[in-house]
1. Tally time: how many residues in segment 630-643 are in contact with a strand residue (DSSP E or B) (Cβ under 6 Å, 6 or more places away or on another chain) and closer than 18 Å to Arg453 by Cβ?
2. Pick out the one residue from Val307, Val280 that is modelled with pLDDT of 90 or more, of a type outside the set (Gly, Ala, Ser) and surrounded by 17 or more Cβ atoms within 10 Å (Cβ to Cβ).
3. Working only within segment 139-179, note down all residues that are within 24 Å of Leu42 (Cα to Cα), in a loop (DSSP other than H, G, I, E, B) and free of Cβ contacts under 8 Å to residues at least 60 places away in the same chain.
4. Does any residue of segment 463-481 turn out to be touching a residue at least 40 places away in the same chain (Cβ under 8 Å), part of a strand (DSSP E or B), among the small types (Gly, Ala, Ser) and under 28 Å from Ser624 (Cα atoms)?
5. Suppose we filter segment 310-331 for residues that are crowded, with 18+ Cβ neighbours inside 10 Å and charged (D, E, K, R); how many remain?
6. Among the residues of segment 308-332, what is the count of those that are under 21 Å from Val386 (Cα atoms) and not charged (D, E, K, R)?
7. With Thr290, Thr257 as the choices, which residue is in contact with a strand residue (DSSP E or B) (Cβ under 6 Å, 6 or more places away or on another chain) and either under 30 Å from Asn554 (Cβ atoms) or not assigned by TED's automatic domain parsing to the domain that holds Arg384 (or both)?
8. So which strands (runs of 3 or more DSSP E) are wholly in segment 362-416 and hold at least 3 residues that are at pLDDT 65 or above and under 25 Å from Asp602 (Cα atoms)?
Amino acid sequence: MRQKIIFVLTALITLTGMARAVSASFSDVPEDAWYASYVDSLKEAGIVDAGEFFRPQDSLKRAELVKMVITATGGLKDHTPPPYPTFDDVQPGEWYTNYIEAAATLGIVTGYADAQGNLIGLFGPGDTVNRAAAVKMLVEAFGLKQSTEDAKKYPDVKESDWFYDYVLIAGQHGVVSGYDNGRFGPADPVTRAQVAKMVVLGAQTAGFIEKPEPAEEEQSVTQPETAPETKEAEEEAATDTTPLATPNLNVIEEANTPAGSDEVFVARYTFRALYEDFSVQTVTIVNDITGSEMGDEAEGTAAIKNVILKFPDKDGKPVTEKRSLGSDGKARFSNLTFYAMRNEETFFEVYAELNSIADVGEGLSGEVFRMGLQDTNNNDSSFRAVGELSGYTVGYGGSRLSVSGSQVQPFTVRKSVPHFSMNDIPDTMLSGMNSLISFNVAADAAGSVSLARLVLELSVYDNSGSSLSLSDFRLYRGSSYMNNVNIYDATGSQDLTLAGGGSLAGGTFFVIVTFDQEEIVSAGDSLNFLLKATVNSADKNDSVSTGFARDDENSPLSGLTAVNQPNTGKVFVNGDATAGIFTGVNDFAQNLGTGRNIIWSDRSANLHLFPTVSGGLVTSGSGSADWTNGYLLELSALEDHTISK
C-alpha cells in the first residue's frame with residue numbers, strides 16, 4: 001500500500017519562513033536579509049546599542065532617529081545643554097533630551113510649525129517618523145549637498161513637495177533608492193531596517209563610517225518580524241479528512257486602505273510538507289465579505305484591479321504572479337512554480353492592487369473587500385499540490401481545506417484616512433492655564449481628509465478636597481488659538497468655553513469638540529492640536545487625565561448605508577439608513593450618540609460639502625455623502641495624558 005502524505009497549511013500574519021541563519025548582532029535579523037549588513041554596521045559603529053532584538057520592521061520614533069544621527073556624527077562630543085529647554089515637550093532628564101538639544105543646536109531639527117510656518121515649541125519625540133521627514137533629517141545631519149549625479153524620479157515625489165530636494169539629494173548620493181514598485185512612499189512610516197540603510201550610507205558618504213557590503217533594496221511592504229509559534233503537525237497517514245489547514249488567530253487587522261494603492265498586503269499562508277517536497281500548482285483567491293467561510297459567497301468588487309501572489313520557486317528565488325479578480329469574486333492562479341520543501345516552512349503572500357477613485361468613480365469610497373484562500377467547495381481546479389517523489393496529489397474537495405475565514409477581516413477602501421498620534425507635554429499641573437492633551441492628525445499622501453467632530457474622555461481627580469475644577473477650554477492648531485470651535489461637556493450639556501462659562505469638577509466627562517467649518521488636513525501633511533483649560537484650586541495629589549473616547553474607531557455603524565456602501569452617507573441618524581450623521585441631527589455638539597465620536601471625511605464625493613451647523617444644530621439635509629464615523633481609525637493604542645499637582 002502506498003504511503004500517503006500529510007500536508008499542513010497554516011495562515012500566519014508574520015513571516016515564519018524556512019529555517020534561516022541570523023546575524024551575529026541580533027537574533028531577529030536573518031543573515032540573508034537585505035538590511036543585515038547595515039544593521040551590523042550600526043552596531044559595530046556603536047550607533048545602536050547591543051541587545052537580543054533589533055526590531056527591523058518596527059516604525060521609528062523621532063527621538064530614536066535623532067539619537068542615531070547624533071551618535072553617528074559625534075554631535076554630543078562638544079554639546080553643552082542650554083539653560084532652558086528648546087521644546088516644551090523635551091524636558092531635562094529624559095533619555096533623549098541631550099540628543100534632541102544637540103540636534104537643535106546644530107540646526108538638524110527645528111520642531112513643529114503651524115499652518116503659517118511659525119514654530120510652536122514642540123518636537124514630538126514619541127511621534128512616528130515618515131520617510132520624507134527621515135530623509136530631510138539625514139540630509140541635514142550629514143551635510144549632503146546636491147550633486148550632478150542622476151537621481152531616480154518617483155511618481156509620488158513632485159517638485160512642488162517640500163521634501164523633493166531632500167529626496168533628490170539623498171538619491172544622488174545613493175542613500176535611498178525607493179521601493180521595488182517604483183515609488184518612494186514619502187508618507188509611509190519609516191522602519192528601523194530602512195533607517196539602518198539610510199544612516200549607514202549617509203554616514204559613509206560623509207566619511208563617518210566604512211561602507212557596508214552591497215545589499216538588496218528594502219521591500220515595499222513591511223510586516224512585523226516576529227511570528228507566533230506554530231505547533232508542528234504529527235506525522236501520520238493522511239485520511240479522507242486530511243490534509244487540514246490551521247489558522248493563526250491574528251491573520252490580518254482591519255484597516256482603511258487608500259484607493260489606488262499598488263500592493264496592499266492581505267494575508268500570508270505558510271506551508272509545511274512533512275514527508276516530501278511539494279510543488280503547489282493551483283491556488284484560488286476569493287473576495288468574500290460575509291460569513292466564516294471563504295468562497296461560499298464570493299463576489300466581484302470594483303475596488304480590486306488585480307490580485308498579486310508572491311512565493312519562492314524550487315531554487316528559492318522570489319516569483320510574483322498577477323491575476324485579475326473575476327466578476328465572480330475569484331482570482332485563479334494555475335501553472336504556478338511555488339515549491340514547498342520537506343520539513344521546512346515556506347509561504348505565499350497575497351496582495352491587492354486597487355483601482356483609484358479616478359478609475360471607477362467617487363462612489364468607490366467605503367467599498368469593503370475581504371480576500372483569502374478559497375476554503376470551501378475546492379477541487380483540483382481551485383487548489384492543487386503534487387508530491388515531488390510519490391506524485392501524491394493534494395486536490396482539495398468538499399471540506400478538506402478548512403482555512404478559517406472568520407479571522408480574515410475586511411479592508412475598507414477610501415481615498416484617504418486620518419492617522420492620530422499623541423505628542424508629549426508637561427505632566428505638571430498648576431493653577432491657571434494647563435495643557436490637557438496634544439495630538440497630531442496626519443493624512444495619507446493619496447488625499448486630504450476633513451474633521452468635523454472629536455470626542456475626548458476627561459477624568460478630574462480631586463484627591464485633596466480642594467474643589468479642583470476646570471474651565472475656559474481652548475483648542476489650538478499649532479500655536480494658533482481656534483475661535484471657530486465648540487467645546488461641550490456631553491455629560492451635562494455645558495458649554496465649556498470662556499463665553500459659555502461651564503466647568504468640570506470631580507468625575508469623568510466626555511468633552512465634545514466640533515468645528516464650525518471643516519478642519520482640513522492636506523494630503524501627505526499633518527496638523528498638531530492642543531487642548532488647554534484653566535485649572536482652579538489645584539492641590540497636592542490632584543490630577544487630571546485626558547484621552548480620546550474609544551467606542552467607534554473599530555465598529556461600523558449598523559443601519560447606515562449609502563448606495564449599499566457601509567459607513568458612508570450624510571452620516572448618522574440612529575437606525576435610519578436613508579438619512580445620515582448630519583441629516584437633522586440636533587445634538588451634534590452637546591450630546592453623545594452611539595458610534596460617532598469622530599466624524600471625518602475622505603472628501604471623495606463628487607460634491608463635497610460640510611454640513612450647516614449653528615449653535616450645535618445641523619440643518620436637515622446638509623452635508624455630503626462622504627462623511628463617516630471613526631470606523632477603523634487606530635485609536636486604541638493612544639494612551640491618556642495625565643497631569644498632576
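1. Here the count works out to 3.
2. Working: Val280 fails: modelled with pLDDT of 90 or more.
Only one candidate qualifies: Val307.
3. Within segment 139-179, Lys145, His173, Gly174, Val175, Val176, Ser177, Gly178, Tyr179 qualify.
4. No: zero hits.
5. Within segment 310-331, residues that are crowded, with 18+ Cβ neighbours inside 10 Å and charged (D, E, K, R) number 3.
6. 8
7. Among Thr290, Thr257, only Thr257 is in contact with a strand residue (DSSP E or B) (Cβ under 6 Å, 6 or more places away or on another chain) and either under 30 Å from Asn554 (Cβ atoms) or not assigned by TED's automatic domain parsing to the domain that holds Arg384 (or both).
8. Per the criteria, 367-369, 411-414.
The values are calculated or read from the model by the stated rules, or taken from the named source; none is laboratory data. Note that this is a predicted model, so its numbers are computed, not measured. Positions of Cβ are generated from backbone atoms using ideal geometry, with glycine treated the same way; all protein chains shown enter the neighbour counts.
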